[in-house]
Amino acid sequence: MVGAVPAALSVSGLQKAYGSVHALLGVDLEVGKGQLVGLLGPNGAGKSTLVKIACGLVRPTSGSAAVCGEPAGSQAAHASLGYLAELFRFPDWATAHELLELHQRLAGSGGGTAERGELLELVGLTDAGQRRIGAMSKGMQQRLGIAQALIGSPRLLLLDEPTSALDPAGRRTVRALLEELRARGVSVLLNSHLLSEVELVCDRVAIIARGSLVAAGTPAELSHAGGVEVETAGGTRVFDEARRDDAPRIVRDLVAAGEEVYGVRVLTSSLEDAYLEAVGGS
């Protein structure tokens, strides 16, 4: 459609082979404007290869990847992209302001002091601008890493395990930050092993296994009904094959049979259940 806004990330028929090893086998994936998409999969599934192709660090064997409508790896794509690696390491001796200034120079950003101040405020580090990175907690360094990824106002963020090393309070802080970015229209592809985090914050989930996209949808769509549980005077009864629409009939039948019903609950699978089913885990 003429005038349509291109997706923040568009991957089509993406294949990548390293010799005889096929890391990706024709993956199609899209991250829309302001969407927060979780990328899940076991080790060796191809997630890192997909992210490296989106960053322009690896060239696909076939297929295509585009960032905001521009070919991945091009200068225009780089200008629209922010990235934070899982095992990032910043120099301990640098202050937060010095680190951001360095990355402004690397990214060609002319935002200066104002941009650095705005980013530190966004990630909750306003009072830590002159603190040396070596004196920061892991959670503070993680938020600083997200700030550097936001230099130049990219429209797409690629975040690799941004909460894996954080305590529950730190994970909550990062979740709130991701929600704020989404509200500002920034798109995020979140590569994570923490399914509970993905389920809490992501609009959509893509599951990759053995180089292929094996499931995609909202967390609610990927989870499914797993029976109906009814609390009666005689104890709790579970109807494993029942679905939500079956609940009224089940209650009517129990009452007609003389049972006293105190509560009804439709059981659903978790994202973890959907993930294990999709990747063939047990």
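In terms of packing, defined here as the mean over residues of other Cβ atoms within 10 angstrom, the peptides 205-214, 182-191, 262-271 line up highest first as 205-214, 182-191, 262-271.
From the coordinates of this entry, semi-axes √(5λ) of the Cα gyration tensor in Å is computed, and it appears in [x] 29, 20, 19; [y] 41, 25, 17; [z] 37, 24, 19 under the label [y].
With the simple spin-label model, which puts each label point 7 Å out from Cα in the Cβ direction, the residue 59 to residue 113 separation comes to 4.5 nm. Against the main long axis of the alpha-carbon atoms of the chain, helix 247-256 sits at an angle near 20°.
Express the relative contact order of the range 223-279 as a whole percentage, based on alpha carbon pairs under 8 Å and six or more residues apart in sequence.
Working: 85 pairs, mean separation 26.4, N = 57.
Reported relative contact order: 46 percent.
Only one residue of 213, 165, 112 has its Cα farthest out toward the positive end of the dipole of the chain, where Lys and Arg carry +1 and Asp and Glu -1 on Cβ, and that residue is 112.
For the chain, the longest principal axis of the alpha carbon atoms and the long axis of helix 138-149 meet at an angle near 70°. Summarising the strand pairing of the range 139-274, around 75 percent of its internal DSSP beta bridges are antiparallel. Between residue 22 and residue 218, the distance separating the two model label sites (each 7 Å from Cα on the Cα→Cβ line) works out to 3.4 nm. Relative to the current alpha-carbon distance between residue 88 and residue 210, full extension at 0.36 nm per residue lengthens the span by 41.3 nm. Working note: 222 nm ellipticity from helices only, DSSP H runs with n ≥ 4, each -39,500 (n - 2.57), summed and divided by the residues of the chain, gives -9500 deg cm²/dmol to the nearest 500.
Using mean Cβ contacts within 10 Å as the protection proxy, how do 133-142, 85-94, 146-155 order, highest first?
Values: 133-142: 16.3, 85-94: 12.8, 146-155: 21.2.
Output ranking for 133-142, 85-94, 146-155: 146-155, 133-142, 85-94.
Centre-to-centre separation between the Cα atoms of the range 12-41 and those of the range 52-94: 14 Å.
Between residue 76 and residue 105, the simple label model (points 7 Å from Cα in the Cβ direction) yields a spacing of 3.0 nm. Restricting to the range 9-219, what percent of DSSP beta bridges are antiparallel, rounded to 5? Around 55 percent of the beta bridges assigned by DSSP in the range 9-219 are antiparallel ones. Counting 0.36 nm for each residue step from residue 270 to residue 239 and taking away their Cα separation leaves a gain of 9.4 nm. Taking every C-alpha pair closer than 8 Å and separated by at least 6 residues, the mean separation divided by the residue count of the range 131-282 gives a relative contact order of 18 percent.
Summing Cβ point charges (Lys, Arg +1; Asp, Glu -1) relative to the Cα centre of the range 223-279 gives a dipole of roughly 200 debye.
Angle of helix 112-122 to the longest C-alpha principal axis of the chain, folded into 0 to 90 degrees and rounded to 10: 20°.
Any read-out appearing in this document is the output of simple, stated calculations on the displayed coordinates, not a laboratory observation. As the structure is a computational prediction, the values presented were derived from the model and not from experiment. Don't worry about glycine lacking a Cβ; one is built from the backbone with ideal geometry, like all the others, and counts go over all protein chains shown.
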